[in-house]
Amino acid sequence: MQYDTSPLDSPESSAPRSNRKSILIGIGIVVFLLIIVCCIGTIALWVYGDNLVALVQSPTATTTRVAQPPATSTRGTQSTAIPTQSVKPAPLSSPVTTPGKKPTPTEMPEPTPMPAPIPKLKPLKMNSPEYGAQAFLWWRPETADRDLGLIKEMGFGWVKQSFSWRDIEGAKKSTFNWENADRAVYLSNAKGIDILARMDNAPDWAAPGCFITQKKQMGPAKNTQDWVDFLRTFVTRYKGRIRAYEIWNEPNLAREWCGRAPNPTEYAALLKTSYQTIKAIDPNVIIVTAGMTPTSRNDDEAMPDATYIERMYAAMNGKSEGYFDALGVHAPGFKAPPEMSPDEVAKNPAYNNNDPNGRIYSFRHAEDIRKIMVAKGDTNKQIMILEFGWTSDPIHPAYSWFKVDEQTQAKYIVDAYQYAKKNWASWIGAMFVIYIANPDWTRDTEEYWWSITTPDGDPRAAYVRLKAMPK
């Protein structure tokens, strides 16, 4: 047999060579595509690998959504890391921060801690004065940060907030709901605003039959140890994050004391126990007494604030050491301008509504309380004005005789701060104006007319003047 020995480039061999070339090009394209696919797969595995592994390791290849119980809380008037208010009118009292309906209490898991800046340590002695406002940060998460922003923008450094015991440990002993308290503390810390925590209002299990919504009635625990246990847990959780604690509110009214007649001796005992409990955990906080309602009534329903404080000192054997660091005072201005003396107000029926005990209708009635402190040797301790303001209320008959217009309200509040700064510098501490309005209030709510903002967060005349006021 004779083999073909013709040259490779001969016409007879050109067709087979072309076929081989096409095959080689095809193989190259396939290899190139395989390389691209491998690269894409490698990148996908690098980005999504953890999820793919979790999916493979799960019992099924499909995801199942597990229903979580909704976060609920009991509603009333709040890991150490955290979201990290002769004629003897009925006495006026602070509002109970309990707007709206009350959700059914349920046991809540502790929320995941969020970071929060720890405030710098501050001295027990305050500047004269320091500036604060009472707000309502509890039930409306969507407005809490806004309202703290309003305080900050006004150039104020304090917020007064209620931390109602029944809203935190309301369901049963040792079952806590920290959601609202954590938020109030965290947001305040984040904005660098000091907190005055009002502590009061025992839950039903600790004070059976005491809380009556229709009467706005509340009171202390039947067993003081329950109160101590709550305080210890609360203060441990927020150690270093709350600057001052107010122990109770207006105990000179029966409705704040389980409907019983006001009892300064009982309150002094509660104050001492609270002081010892809190200071053992957080010795750098300020313990302030409850602010008392200025009233001329002296019966089983109410006791004048000066009388109550005198008897409280008597129960303390005339010495406040181990009971409080600062004395709390409520100083509504009623009709008179803030610079008008108690003597002048007492002589003028237009400012005292013909009450023979008319000194209480003066903003400067705080000076009467100061004289008691001085007589007891407490010259080195300060007074904190826990509530003060003027109302422009045109609706509620009980307030009609002392209402002022909004511009006068604004002027009087600013003048009150300036009077205190000039004349009370040796003894005044923080002063809290009422209120950054509760977002649930309406024009039919009496506290609406004391407020310096609207429930929607809009500034009223007083807010504008306070923001512009030299601090």
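What follows is calculated from the coordinates using simple rules that are stated; it is not laboratory data. Since the structure is predicted, the reported quantities are computational estimates derived from the model, not experimental observations. Every residue, glycine as well, gets a Cβ built from its backbone with ideal geometry; the counts of neighbours run over all protein chains shown.
Key figures
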| item | result |
| --- | --- |
| Derived scalar couplings ³J(HN,Hα) [the stretch 127-142; Karplus, 6.51 cos²θ - 1.76 cosθ + 1.60; whole Hz; x for Gly, Pro] | 5, 10, x, 10, 10, x, 9, 8, 9, 10, 9, 7, 9, 10, x, 6 |
| Ranked list, fewest to most other Cβ atoms within 10 Å of each Cβ, for THR236, THR453, THR445, THR224 | THR236, THR224, THR445, THR453 |
| Rotationally averaged projected area of the stretch 255-396 (alpha carbon convex hull; nm²) | 9.8 |
| Too-long pairs where the Cα-Cα distance tops 24 Å, listed order kept, from LYS173/LYS222; LYS173/LYS381; LYS239/LYS319 | LYS173/LYS381; LYS239/LYS319 |
| Nearby lysines by direct alpha-carbon distance to LYS347 (threshold 29 angstrom, same-chain neighbours under 8 apart not counted) | LYS88, LYS335, LYS371, LYS376, LYS403, LYS411, LYS421, LYS422 |
| Residue exposure sequence - MET199, MET373, MET292, MET431 - by fewest surrounding Cβ within 10 Å | MET373, MET199, MET431, MET292 |
| Translational diffusion of the stretch 119-183, µm² s⁻¹ [Kirkwood Rh, Cα pairs; Stokes-Einstein; 37 °C; 0.692 mPa s] | 238 |
| Part-to-part distance (alpha-carbon centres) for the stretch 381-459 and the stretch 236-314, which is given in Å | 22 |
| Förster-model FRET efficiency, 30 Å R0, LEU121 and THR175, C-beta, rounded to 0.05 | 0.40 |
| Taking VAL345, VAL374 and counting other C-beta atoms within 10 Å, the order from fewest to most | VAL374, VAL345 |
